[in-house]
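Colleague: Structure incoming, see below.
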Amino acid sequence: MPNAESGPGLTDTFGIGQAVSRLSNGSRNAGKGAFLVLTRTLFDDEVVEVVVQCRYRGADGAMALTNKRLLIVNAREWNPDVTPVALEPGLTVQGWQDERSAALVFERGGAELVVDKISDREVVQDLVGRVRARIEA
């Protein structure tokens, strides 16, 4: 009988597992599909610093700040959205929050990206602070 041997064990070369461990259980569960999409779109030498689970373009998503860029993805069935965001002058970040969730708008030259339904507000505040620091650097 054929046997699918187990793989090499748990490997997390991108550090996404550590970043996801900062999230609430609800965010971890809701983001599983988006975290998988995110992992498959990272470059070999990228390391995730901060990740949040969100809604992006109407589907469960994830937003990650890596050592190279900001990446926003969703887990839309059969055709996920993958949007890299260059962290350079001219990019602005605005945020809103209430007692349940937060939303962000990234704007450059009249074009906007909206990410909402972020329940881990402390983690997203950390992400925004790091993004703004990189833009100003």
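Colleague: List pairs: first residue in the range 70-99 and free of Cβ contacts under 8 Å to residues at least 60 places away in the same chain, second residue of a type in the set (Asp, Glu) and assigned to a loop (DSSP other than H, G, I, E, B) anywhere in the structure, Cβ distance under 6 angstrom, at least six positions apart or on different chains.
Modeller: ASN74/ASP81
Colleague: On the basis of being without any contact (Cβ under 8 Å) to a residue 60 or more places away in the chain and of a type in the set (Asp, Glu), does GLU5 make the cut? Give the steps one after another, and end with the answer.
Modeller: On the way: without any contact (Cβ under 8 Å) to a residue 60 or more places away in the chain: yes; of a type in the set (Asp, Glu): yes.
So GLU5 passes the test.
Colleague: Can LEU38 be described as farther than 16 Å from ARG130 by Cβ and either among the aliphatic types (A, V, I, L, M) or part of a loop (DSSP other than H, G, I, E, B) (or both)? Don't jump to the end; show me each part of the working.
Modeller: Details: farther than 16 Å from ARG130 by Cβ: yes; either among the aliphatic types (A, V, I, L, M) or part of a loop (DSSP other than H, G, I, E, B) (or both): yes.
Yes.
Colleague: Which one of these is among the acidic types (Asp, Glu), within 18 Å of ILE16 (Cα to Cα) and touching a strand residue (DSSP E or B) at 6+ places or on another chain (Cβ under 6 Å): GLU112, GLU107, GLU49, GLU122? Spell out the reasoning first.
Modeller: Details: GLU112 fails: within 18 Å of ILE16 (Cα to Cα); GLU107 fails: within 18 Å of ILE16 (Cα to Cα); GLU122 fails: touching a strand residue (DSSP E or B) at 6+ places or on another chain (Cβ under 6 Å).
Of the residues listed, the single one that is among the acidic types (Asp, Glu), within 18 Å of ILE16 (Cα to Cα) and touching a strand residue (DSSP E or B) at 6+ places or on another chain (Cβ under 6 Å) is GLU49.
Colleague: Please work out which residue is farthest from the chain's Cα centre (by Cα), limiting yourself to the range 83-112 and to residues that are within 22 Å of PHE43 (Cα to Cα) and surrounded by 15 or more Cβ atoms within 10 Å (Cβ to Cβ). Reasoning before the result, please.
Modeller: Our first condition is that a residue be within 22 Å of PHE43 (Cα to Cα); within the range 83-112, this holds for 83-88.
Among the residues that remain, those that are also surrounded by 15 or more Cβ atoms within 10 Å (Cβ to Cβ) are: 83, 85, 87.
Details: THR83: 10, VAL85: 11, LEU87: 14 Å.
The extreme case among them is LEU87.
Colleague: Report yes if some residue within the range 51-63 is within 21 Å of GLU136 (Cβ to Cβ) and of a type outside the set (A, V, I, L, M, F, W, C); otherwise report no.
Modeller: No, the conditions are met nowhere in the range 51-63.
Colleague: Can you pull out every residue in the range 43-67 that is surrounded by 15 or more Cβ atoms within 10 Å (Cβ to Cβ), closer than 16 Å to GLY129 by Cα and out of contact with any helix residue (DSSP H, G or I) (no Cβ under 8 Å at 6 or more places or on another chain)?
Modeller: THR66
Colleague: Give all pairs with beta carbons closer than 8 Å in which a residue from the range 10-31 that is modelled with pLDDT of 95 or more and among the charged types (D, E, K, R) meets a residue that is assigned to a loop (DSSP other than H, G, I, E, B) and crowded, with 21+ Cβ neighbours inside 10 Å; count only pairs at least 6 apart in sequence or on separate chains.
Modeller: ARG22/ASP120
The values are calculated or read from the model by the stated rules, or taken from the named source; none is laboratory data. Because the structure is predicted, anything quoted here is derived from the model rather than measured. Here the Cβ is made from the backbone with ideal geometry for all residues, glycine too, and neighbour counts use every protein chain on show.
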